[in-house]
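J.: Structure incoming, see below.
Read-outs throughout are calculated quantities, based only on the coordinates presented, and are distinct from any laboratory measurement. Since we're looking at a predicted model, the values are computed, not measured. Using ideal geometry, Cβ is built from the backbone for each residue, glycine included, and neighbour counts are taken over all protein chains shown.
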Amino acid sequence: MIQLLNTLLIGITSGGIYALMAISMVLVWRSTRVINFAQAGMALLSTYFGYEAMVNFDSFWIALPVAMAGGALFAAIIEVVFMRLLVKHSSSGPIASVAPIIATLGLLGIIRAVVSMIWGGQDVRITGPLSNDGFSVGGETLVFSPLKLLILVSVIVLMLMLSILFQKTNIGLALRASAYAPEIARLSGVKVDLVRTMGWALAGAAGAVAGMFQTVNGNGTLSPDSIEFSLLLVSGFIAAVIGGLESLVGAVIGGLLLGILISFVLMYVSSALFFIAPFIILLAVLFIRPQGIIGAKAGRRA
Amino acid sequence: MKALHRRKLLTATAVLAVFGLAATAIPAQAAEVGVSSTEIKLGMTLPMTGTASLGYNKIPGAAKAYFDYLNANGGINGRKVTLVVKDDRYVPTEAVAKTNELILKDKVMALLAPLGTANNKAVASSVNPARRGVPVLFVNTGFSGFADTKKYPTTYTVLPSYIMEAKIMGDYIKENFAGKKIGLLYQDDDFGTDALAGFKTAGVNFAVKVPYASGSQNAAAAAGWITKFKAAEADVVILFGVSSATSAMLGVAAQLKYAPQWMLGSVGGDATTIKLTGVPAGVLYNAIGFSPVPATTDMKDEYVKFFSDIYAKAVPGSAFDLNVLLGMNTAFMTAQALKAAGQNPTRKSLMAAIDSKGATFANSALVPAAYSKTSHVGLTGYWVGKYSPTGDLAPVGGTYVTYTTDSGSGAVVKSTYKRPAMPAKGLPN
Amino acid sequence: MVDELRVYQGASIAVYVVAISSIILLTGYSGQVSLGNGALMAVGAYAAAVAHISWHLPIVACFFVAVIAAALGGALLGAAAARLSGPYLAGTTLALAIGLPSLANQFSILGGEQGLLFDVGFPPLSLGEDFTQYKWFFWIAALATLIMMWLLQNILRSRYGRTWRAGRGNEVAAQLSGINTGRSKILAFTLSAGLAGLAGAMLSMTIGTVSPSAFPLALSFSLLTGAVLSGVTTLSGVMIGAVTLVAIPEVADVVAHKLGTSESVTTNLPGLMVSALLIVTVLFVPNGPVEQHRARTAKKMAAKNK
């Protein structure tokens, strides 16, 4: 019984972090119709910005905003410099449809290599703001702690805030218009390019939060080679697909579901499936319900 | 268009063919390699970066610290010993590529302390140092298979094998924890299989065995391991993994307030490395640990004092831990082997020197080495200790009680070995 | 004269030629981006090793087994991927690339994390004492490569090649002309996988072991880079990509030594160079230097004829 509960709790916590990554991927998709494979790399870099802030100010509550700001800024720069260049140079030819994919993969490789070069040899550590000691319930200690509670709450808060931004504000309207009908948006006076950059910036900030939490939820070590990072990379994408790529709520549901599923597989089937479970889940989703849990259209062929 | 295709293909073919013909025409390599009138070059591959590198990346600095001291005091018959180090990130394919570079490009005389069971196996079958006559000295792994002189004729072990360690652990458990439930965390490869074989010989029955795939060790996985150990109600939990797995386990155990009797294998048991990952010293307190060399905090030991002094000057600010001690110890033994190889050392004379004199090489270990003309087995045992309140491994009651055994079915015996004194100034004589 | 290190690199180049061809086939000729070829190489490698160890087949037969096993895997992947395209396919194969090699840990017959030995043995004594094992590797690899490339060229010039190119250009138009794009996609995947499997078996031959760590995500990235460098739409430039991939670690080594850089920089320099090269190529030479050159030549010819 306790094992079941713990498995669920482990899954919900890691799922929450995947949800954050999925949110950032959905944000990029909704604002520029691109799937950014480098998102996890950008999240990694942002987390290192947070680390530097930790070293200088010794406070997680300063480090987190710094990471988010750094992540947002970096993402914006990439959008302006890199993505626009990409669209200009490769919108024709046989490789046009796959060029953005290849380019973001290349970007991922560069970020990873540069991060390893700058911080690789060191022992990089971030301590969480709250204790990660498990709650004790009736003599048993659960795999759930104040820190993990914080993560879950943050995910939900972020999702709500972003949803409100998208649905209820002018900026949100501009974001949606720029993605779906850029010409009309331009005619209505929306600065489409600026709005797109904003979408990337928001995604960068969300990714930064994912990276920071992924680090402190583990044992606090940050490294470009760690499995935590590979998990972010793959699971962010999978969670976004499960959720349907179109809605933020879907991203959160997708993330939580993925986390819980993986946790159960590892505990009750075999821990050797650690690396292949995400793939199998992805295939299953794409077969059973390819438009995702919440997705409405068949937008897969975009 | 078709003609162009065909022409390009032909060009490619021609290039490959010319290359191949030229390659066939190489004359055979002759002469001794890696030894000049001023220098002896050795090569090392190990993880310097990446998740598995925790703790182990201090070894090159440690070995170099001793070699620099040696060189400043005349070297080996006037030749300086240089160490070329390559990072293989604990990946077997990279180990092969880097070892290729060491042997073919850097042209080292011998390979020194390459780290990792899988890496050494891959190198043995691909680069094949045995066929090239390249000595592989003091491999940094306890896999018992490397002592097989038919399969690995130029390889010498130094660390006691995992089978030896498991047998000694098993004996200790039978004496002190009879009737208790035992749990085991082990790595899912030859490293772990070796340990399992040793435990089987020792007759240990596990209530629960938890394997982990190398590379998958992290905090979330550790939470899963702990749930399994708890479910089996293990009283004693043996951690027979690498440092990163041990640290993950202990760190999460602290958060979940899980505290069985811990028993740490020597591979992942370096206290300094574990504490660096944030594991509180209190978690280690009273855990049982094993080591073949003296405790790193034992300043009364002449070797520990000597080595830590040199290291403090060579790498100031870096903690003197088990990885450093073992690294310097191996360098020390290597120096003696090189000296015993004669005025003009060759690869063959180097190996002959270890065969005939290796068992008597001075070194800091508290157990004997078993090198002989028929055996490439190094150290043969451990002393058993407990971690102190500050989380450092020390012998119980201050006296070292050592046990020796073999990798076969031989019994575990209390050792009466008396370590000879360190040669003057810590230089080979 | 060529020394042994170069011979070994020659064998590696041959491996990359076959592996990159598999990507060119898939991406260039049929328009799919799959990151799974690294995983398919692993399938081929493991199949070859198991055939060698468990059934004691001779090396040539083992290579055949590798091709068939990987092709089967490719067919499965193609069938699954038939409904996917673009980033969905890329993401799925990304997950596959990360997950499949580690599956070896599940089955003890696959040797776990340690892997299996794939020892092709030593060259026959009839070739002389100086014929080193690396030379033997090189000759086996080169022969396999040449045969494969010749076969591939013929396939691409055949009806199948035309079908793929049609499907890549405009899937709807192709379907309208009666081409079964779904089936043709699966065929492309199968063939590409077979090539990858051969490359995987060849790679294991040169390393001597098959283990999950030989097929990391970085390998799939490298292959993609090599393919883009070679020119994704044509097979002619494949040597460019292969030689570049083998040359990068060497160049990086030299650069690192000249600059006297730290450990972390030295280890990561090759990865950085590969990724940077990928981006630069995709941005500025998206069709590869060979196509670029042809296009320029064609333009010049057209201008002359005016």
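J.: Under a cut-off of 13 Å between alpha-carbon atoms, report the aspartates and glutamates in cross-link reach of C:K185, not counting same-chain residues fewer than 8 places apart.
T.: The reachable aspartates and glutamates, counting only those whose Cα sits under 13 Å from C:K185, are C:E171.
J.: On to the next question. Taking only Cα atoms and a 10 Å spring cutoff, compute GNM fluctuations for chain C and point out the largest among C:V65, C:V255, C:V120.
T.: C:V255
J.: Given a cut-off of under 8 Å on Cα pairs at least six residues apart, what relative contact order in percent is computed for chain A? Before the final figure, lay out the partial values.
T.: On the way: 489 pairs, mean separation 106.0, N = 302.
35 percent.
J.: Could you work out the helix-only [θ] at 222 nm for chain C, with each DSSP H run of four or more residues adding -39,500 (n - 2.57) and the total divided by the number of residues, to the nearest 500 deg cm²/dmol? Don't jump to the answer; show the numbers that get you there.
T.: Numbers: 12 runs with 220 residues, N = 306.
Rounded to the nearest 500, the figure is -24500 deg cm²/dmol.
J.: Count charges around A:I253 for me, please; just the other residues with Cβ under 15 Å from its Cβ, Lys/Arg as +1, Asp/Glu as -1.
T.: Net local charge, A:I253 excluded: 0.
J.: Averaged over B:277-289, how many beta carbons belonging to a partner chain fall within 10 Å of each residue's beta carbon?
T.: That works out to 1 on average.
J.: Using a 10 Å cut-off around each Cβ of peptide B:202-212, what is the average number of partner chain Cβ atoms that fall inside?
T.: Details: counts 0, 0, 0, 0, 0, 0, 0, 0, 1, 5, 5.
Whole-number average of other-chain Cβ neighbours for B:202-212 is 1.
J.: Then there is this: Can you bin the range B:351-429 into rounded, prolate or oblate? Criterion: square roots of the alpha carbon gyration tensor eigenvalues sorted a ≥ b ≥ c, rounded for a/c under 1.5, prolate for a/b above b/c, oblate for the rest.
T.: Values: a/c = 2.62, a/b = 1.36, b/c = 1.92.
Since a/c reaches 1.5 but b/c is at least a/b, the shape of the range B:351-429 is classed as oblate.
J.: Only Cα pairs within less than 10 Å get springs; with that Gaussian network setup on chain B, which residue of B:S375, B:S144, B:S266 has the largest fluctuation?
T.: Result for chain B, Cα springs under 10 Å: B:S375 fluctuates most.
J.: Taking the Cα centre of each part, how many Å lie between the range C:40-87 and the range A:154-212?
T.: Their Cα centres are 44 Å away from one another.
J.: Which of rounded, prolate, oblate describes chain B, given a ≥ b ≥ c as roots of the alpha-carbon gyration tensor eigenvalues and a/c under 1.5 marking rounded, otherwise prolate only if a/b is larger than b/c? Don't skip to the answer; put the middle values down first.
T.: Numbers: a/c = 1.90, a/b = 1.32, b/c = 1.44.
Cα axes put chain B in the oblate bin.
J.: Residue by residue through C:8-18, how many Cβ atoms from other chains fall within 10 Å of the Cβ on average?
T.: Numbers: counts 7, 2, 6, 1, 1, 3, 3, 0, 0, 2, 0.
Other-chain Cβ atoms within 10 Å of each residue's Cβ, averaged: 2.
J.: To the nearest 0.05, what FRET efficiency results for C:L5 and A:K191 with a Förster distance of 56 Å applied to their C-beta separation? Write out the running numbers ahead of the final one.
T.: Details: r = 57 Å, r/R0 = 1.01.
The pair C:L5/A:K191 has a calculated efficiency of 0.50.
J.: For each of C:W164, B:W383, C:W136, count neighbouring Cβ atoms within 10 Å of the residue's Cβ, then give the residues from fewest to most.
T.: Details: C:W164 27, B:W383 24, C:W136 19.
Ascending Cβ contact count within 10 Å gives the list C:W136, B:W383, C:W164.
J.: Sticking with this one: Can you tell me what share of the DSSP beta bridges in the protein assembly as shown is antiparallel? A percent to the nearest 5 is fine. If you can, show how the numbers build up before the last one.
T.: Values: 22 of 53 bridges.
That works out to approximately 40 percent antiparallel.
J.: Given an 8 Å cut-off on Cα distances and at least 6 residues of separation, report the relative contact order of the range B:162-291 as a percent.
T.: Details: 211 pairs, mean separation 31.1, N = 130.
Relative contact order for the range B:162-291 comes out at 24 percent.
J.: I would also like to ask the following. Please tell me the relative contact order of chain B in percent, rounded to the nearest whole number, where contacts are Cα pairs under 8 Å and at least six residues apart.
T.: Numbers: 830 pairs, mean separation 65.3, N = 429.
Reported relative contact order: 15 percent.
J.: Okay, moving on. Would you mind ranking C:T132, B:T346 so that the residue whose beta carbon has the fewest other beta carbons within 10 Å leads the list? Walk me through the numbers before you get to the answer.
T.: Details: C:T132 22, B:T346 17.
Arranged by neighbour count, lowest to highest, C:T132, B:T346 become B:T346, C:T132.
J.: If you don't mind, another one. Students often check this: by mean Cβ neighbours within 10 Å, which of B:145-152, B:207-214, A:234-241 ranks highest, and how do the rest follow? All intermediate terms of the calculation are to be shown ahead of the outcome.
T.: On the way: B:145-152: 16.6, B:207-214: 21.8, A:234-241: 30.1.
So the peptides B:145-152, B:207-214, A:234-241, ranked by packing, come out A:234-241, B:207-214, B:145-152.
J.: How do B:E165, C:E263 line up, fewest other C-beta atoms within 10 Å first?
T.: Numbers: B:E165 25, C:E263 17.
Ascending number of Cβ neighbours within 10 Å: C:E263, B:E165.
J.: Using a cut-off of 14 Å between beta-carbons, work out the net charge of the residues near C:L77 (Lys and Arg +1, Asp and Glu -1, C:L77 not included). Mind showing how you got there, number by number?
T.: Numbers: positive: C:R83, C:K185; negative: none.
Here the count lands on +2.
J.: Hey, any idea what Rg/Rh is for the protein assembly as shown, computing Rh the Kirkwood way over Cα pairs? Intermediate results must be reported in sequence, preceding the final value.
T.: Working: Rg = 29.3 Å, Rh = 30.1 Å.
Answer for the protein assembly as shown: 0.97.
J.: Right, here's the next one. Could you tell me whether the range B:162-291 comes out rounded, prolate or oblate from its Cα gyration tensor? Rule is a ≥ b ≥ c as square roots of the eigenvalues, rounded for a/c under 1.5, then prolate if a/b exceeds b/c, otherwise oblate.
T.: Details: a/c = 1.40, a/b = 1.32, b/c = 1.06.
Here the range B:162-291 falls in the rounded category.
J.: Where does chain B land at 222 nm, in deg cm²/dmol rounded to the nearest 500, when only DSSP H runs of n ≥ 4 count, each adding -39500 (n - 2.57), divided by all residues?
T.: The helix contribution divided over chain B gives -12000 deg cm²/dmol.
J.: Count the lysine pairs in the range B:162-291 that are 8 or more places apart or on different chains: how many have C-alpha atoms under 15 angstrom apart?
T.: 12
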